[in-house]
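Working notes, beginning with the structure itself.
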Amino acid sequence: MKNLKRIIAMLMAATLMVAAFSACGDSQETTTAAQGDESNRAKTAEGGTFLIGGIGPLTGPAAVYGIAVQRGAQIAIDEINAAGGVNGMTLALDFQDDEHDAEKAVNAYNTIKDNGAKVLLGTVTSTPCEAVVEKTYEDGMFQLTPSGSSVNAICHENAFRICFSDPSQGTAAAQYIKENLGYTKVAVIYDNSDVYSSGIYEKFVAEAQVQGIEIVSAQAFSGADNKDFNTQLIAINNAQPEIVFLPIYYQAAALILQQSSKAGYNFKFFGCDGLDGIIGQLEGDAALAEGVMLLTPFVSDDPAENVQSFVQAYQAAYGEIPNQFAADAYDGVYTIKAALEQAQITDASADVREIGTALSEAILQITVEGVTGTMKWTEDGECAKTPKGMVISNGVYTAITQ
Amino acid sequence: MFISYLLSGVSLGAIYALIALGYTMVYGIAKMLNFAHGDVIMVGGYVAFTLSVTLGGSAWVAIIGSIVFCTLVGIVIEKVAYKPLRSASKLAVLITAIGVSYFLQNLALLIFGSNSRNFQSLVSIPVISIGQATVPGETIVTIGVSILIVIGLMLFINKSKSGAAMLAVSEDRGAAELMGINVNKTISLTFAIGSGLAAIAGILMCSQYPMIGPYTGQMPGIKAFIAAVFGGIGSIPGAMIGGVVIGIIENLSKAYISSQLSDAITFVILILTLVIKPTGLFGKKLKEKV
């Protein structure tokens, strides 16, 4: 009797669980459908809804990047749908969380595939991207990562990217420091736990040798948890560099600027695209960012018309200034649109591999004028565009003038 | 040079010491590792941030509000998450503490978003220069506050009635109950004080390293745990000295060995302490009763 009770209880629990999970599934499907409905209101689609899968960290320490990509992509999709869609199809986004974890990213990829995604805009961060690119290659799905910058993130022929690769940033930074700024004694602070930062650092060191730049002090820290940079700054101060290179993200850079100013040092700082966002991060201490130089494809204060309309739309929708990740995602969606048009894909229900092959060819033939610059792609998946040298003066990014 | 490195190690260590005090206090009395302690620090930081930056309150409003709020949070956490497990195995409580830690992190993520924010220092003491080396005002306040807390806690535990109850509970919970001590109330009080200390640590940490995010408490929490183990977990002066020593070791290894290996060296210290002297610098040797 007791056993029977137990079995019944377990069965009931199991039913509840199943009900709970299926409820989750349902609600997710309804949100995607709802988004579709919204766009349908703008224009009734004949070719159906073309589902773009997205993967990136929506929770966890890297969530800021995933959320930015999701929002940037959504803005582009809404704009495109409002303007009538692509080849008679409306676009929709199915964005899944990977918590910046390779294993969860592969699970997320299976989810978007099950939900019917035809192309992948992702993943946002490099480490998960290196895992997912293997899966998209197996399935022949077209993959365009807005911001996965490590070399292996796009190692197959079906994968492309919007952002610069880590090596190209390192090389470009060394050339810029020597040729445009004329400095030869450089100190570096980099994050050795991060592929982005250490990738740029390694290429920077290699190119510095070619350029005849002396790296007087190379200081590392590990992880975004690190908050104390005093020791690194003392060591750098002793090495007397002409400029300090920061191939890191803006959160850590903000702390470095604050601690450096508190200790009374007067360094010149130079960084890559990861520094974009530093003015907002410093909030009340924004004056500390004065004179910081960076090489970046996107600056939100760029007066160009397309940049300003994107920044305004983003600000109206989410109440904040878009960062470079949002811009990359925005350009990513427009690139997918341009490639769909080039490949003349009109059927949203076509086979994933068929679409993938067509888009991989089409992207090589197009040029996209995006908010991150004028982009063309090469067969290795890299996007050719020129980084702009910017300096922060009076709280806004302005082009460096010699 | 060496002095500069040493002083910056002391400022880092003072923060660890302050966090370690809360860890060690809760462990000493309730005999449980409260892994959510680091996240209560984050809560304290966010409350102070909201009061001072978002609502524009004065520094004192922010400090007192944050301490009161964290004390309440500590009591609620203890009531909801730990009290029902009073007779469960230690492992179950430990895992619950990790659960609480994740819960607080994700709650902060929901409320405040994933972007970290710039925290305006609540300490208005200027930088002090000693020769070429500089000491930020926050460090002086942190060390002063830590010493005051150590003295205060020692006095409270050794002189007051509630303190005596705490000692009794820590020595033998069953016997204390038989002697008419309200064990639940005593443990609740311990958590209240521990979380109040976490709020102070949170405010001072965010003042010194002016940034706050949902994961701000995680790594300092772990480092402070190492400091508490190093100093002898359960020992209040041990936590203070352990914290400062860990901070100095971390910074000197950054400066003279390798800036890449400093975290590894800190964790090696934890392993070495556990292997060579598991009770830490000031820890009491526990007698196992047969």
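Does the stretch B:191-268 classify as rounded, prolate or oblate by the C-alpha gyration tensor (a ≥ b ≥ c root eigenvalues; a/c under 1.5 gives rounded; else a/b over b/c gives prolate, otherwise oblate)?
Numbers: a/c = 2.18, a/b = 1.28, b/c = 1.70.
Oblate.
Taking the beta-carbon count within 10 Å as an exposure proxy, list A:H100, B:H37 from fewest neighbours to most. Walk me through the numbers before you get to the answer.
Working: A:H100 23, B:H37 32.
The order, fewest Cβ neighbours first, is A:H100, B:H37.
What distance in nm lies between label points placed 7 Å from Cα along the C-beta direction at A:T367 and B:I140?
Output for this residue pair reads 6.3 nm.
Give the calculated FRET efficiency between B:N158 and B:S58 to the nearest 0.05, with a Förster radius of 35 Å applied to their Cβ-Cβ distance. Intermediate results must be reported in sequence, preceding the final value.
Values: r = 35 Å, r/R0 = 1.00.
Taking R0 as 35 Å, the efficiency between B:N158 and B:S58 is 0.50.
Springs between alpha-carbon pairs under 10 angstrom, Gaussian network model over chain A: which of A:L275, A:L340, A:L246 fluctuates most?
Maximum among the listed residues: A:L340.
By counting other Cβ atoms within 10 Å of each Cβ, how are A:C155, B:C70, A:C383 ranked from fewest to most? Show your work: numbers first, answer last.
On the way: A:C155 15, B:C70 29, A:C383 26.
Going from least to most buried by this count: A:C155, A:C383, B:C70.
Out of residues 5 or more away from A:Y397 or on other chains, whose amide H comes under 5 Å of its own, with H placed 1.01 Å from N in the peptide plane?
The answer is A:D301.
Could you work out the local net charge near A:G291, counting Lys and Arg as +1, Asp and Glu as -1, over the other residues with Cβ closer than 15 Å to its Cβ?
Working: positive: A:K268; negative: A:E242, A:D285, A:E290.
Its environment carries a net charge of -2.
Let a ≥ b ≥ c be the square roots of the eigenvalues of the Cα gyration tensor of the protein assembly as shown; is it rounded (a/c under 1.5), or, if not, prolate (a/b larger than b/c) or oblate?
Since a/c reaches 1.5 but b/c is at least a/b, the shape of the protein assembly as shown is classed as oblate.
How high is the relative contact order of chain A, given as a whole-number percent (alpha carbon pairs under 8 Å, six or more residues apart)?
Working: 814 pairs, mean separation 67.5, N = 402.
Dividing the mean separation by the residue count of chain A yields 17 percent.
Can you tell me the dipole magnitude for the stretch A:167-296 around its Cα centre, using point charges on the Cβ only (Lys, Arg +1; Asp, Glu -1), in Debye to the nearest 20?
On the way: 6 positive and 14 negative charges, 59 e Å.
That gives the stretch A:167-296 a dipole magnitude of about 280 debye.
Of A:K135/B:K254; B:K90/B:K185; A:K337/A:K385; A:K262/B:K159, which ones are farther than 30 Å apart at the Cα? List each step's numbers first, then the result.
Values: A:K135/B:K254 40 Å; B:K90/B:K185 20 Å; A:K337/A:K385 19 Å; A:K262/B:K159 42 Å.
Exceeds cut-off: A:K135/B:K254; A:K262/B:K159.
Spelling out what I want: for every residue of the stretch A:292-301, take phi, set θ = phi - 60°, compute 6.51 cos²θ - 1.76 cosθ + 1.60 (Karplus), and round to whole Hz; glycine and proline get x.
For the stretch A:292-301, the Karplus curve yields 5, 10, 8, 9, 8, x, 10, 10, 5, 8 Hz.
Which distance in nm do the two modelled labels at A:K135 and A:A384 give, with both placed 7 Å along the Cα-to-Cβ direction?
Distance between the two pseudo-spin positions: 3.3 nm.
Mind putting a number on the dipole of the stretch B:37-187 about its Cα centre? Charges go on the C-beta only, +1 for Lys and Arg and -1 for Asp and Glu, and I need it in Debye to the nearest 20. Mind dumping the intermediate values first?
Working: 9 positive and 6 negative charges, 58 e Å.
Once rounded to the nearest 20, the dipole reads 280 debye.
Let me have the relative contact order for the stretch A:167-296, percent, based on Cα pairs under 8 Å that are six or more residues apart.
Values: 226 pairs, mean separation 31.6, N = 130.
Relative contact order for the stretch A:167-296 comes out at 24 percent.
Could you list A:E369, A:E157 in order of exposure, starting from the residue whose Cβ has the fewest other Cβ atoms within 10 Å? Could the numbers behind the result be given before it?
Working: A:E369 12, A:E157 15.
Least to most surrounded, the residues fall as A:E369, A:E157.
Tell me, what is the Rg over Rh of chain B, with Rh the Kirkwood radius over Cα pairs? Please list the in-between numbers first.
Working: Rg = 18.7 Å, Rh = 19.3 Å.
Rg/Rh: 0.97.
Calculate the FRET efficiency for B:N184 and B:I151 from the Cβ-Cβ distance with a Förster distance of 41 Å, rounded to the nearest 0.05. Before the final figure, lay out the partial values.
Details: r = 28 Å, r/R0 = 0.68.
Plugging the Cβ-Cβ distance into 1/(1 + (r/R0)^6) gives 0.90.
Around A:F50, which amide H atoms from residues at least 5 apart in sequence, or from another chain, sit under 5 Å from its own amide H, with H modelled in the peptide plane?
A:T90, A:L91, A:A92
In whole Hz and in residue order, list the ³J(HN,Hα) couplings for the stretch A:335-340 that follow from phi through the Karplus curve 6.51 cos²θ - 1.76 cosθ + 1.60, θ = phi - 60°; x for Gly and Pro.
Computed from phi, the couplings for the stretch A:335-340 are 5, 4, 4, 4, 5, 4 Hz.
Note down the net charge around A:V352, summing +1 for each Lys or Arg and -1 for each Asp or Glu among other residues with Cβ under 10 Å from its Cβ.
Numbers: positive: A:K113, A:K118, A:R353; negative: A:D139, A:D351, A:E354.
Once all neighbours under 10 Å are counted, the net charge is 0.
Normalising by the residue count of the stretch A:232-365, find the relative contact order in percent from Cα pairs under 8 Å and 6+ residues apart.
Rounded, it is 16 percent for the stretch A:232-365.
Under a GNM of chain A (C-alpha, springs under 10 Å), which listed residue has the highest mean-square fluctuation: A:G280, A:G182, A:G373?
Looking only at A:G280, A:G182, A:G373, the largest GNM fluctuation is found for A:G182.
Identify which of B:G57, B:G44, B:G196 has the largest mean-square fluctuation in a Gaussian network model of chain B, with springs joining Cα atoms closer than 10 Å.
Highest fluctuation of the listed residues: B:G57.
Under the classification rounded if a/c is under 1.5, otherwise prolate if a/b is larger than b/c and oblate if not, where does the stretch A:167-296 fall, given a ≥ b ≥ c as square roots of the Cα gyration tensor eigenvalues? Before the final figure, lay out the partial values.
Working: a/c = 1.43, a/b = 1.34, b/c = 1.07.
Rounded, since a/c falls under 1.5.
About its Cα centre, how strong a charge dipole does chain A have in debye, to the nearest 20, once Lys and Arg get +1 and Asp and Glu get -1 at the Cβ? Don't jump to the answer; show the numbers that get you there.
On the way: 22 positive and 49 negative charges, 146 e Å.
With Lys and Arg at +1 and Asp and Glu at -1, about 700 debye.
Net charge within 14 Å of A:V210 by Cβ-Cβ distance, Lys/Arg positive one each and Asp/Glu negative one each, not counting A:V210 itself? Kindly include the intermediate steps, with their values, before the conclusion.
Numbers: positive: A:K178, A:K203; negative: A:E179, A:E202, A:E207, A:E214.
Around A:V210, the charge tally is -2.
Read-outs throughout are calculated quantities, based only on the coordinates presented, and are distinct from any laboratory measurement. Computed from a predicted structure; not experimentally measured. Glycine also receives a Cβ, built like all others from the backbone with ideal geometry; neighbour counts cover every protein chain displayed.
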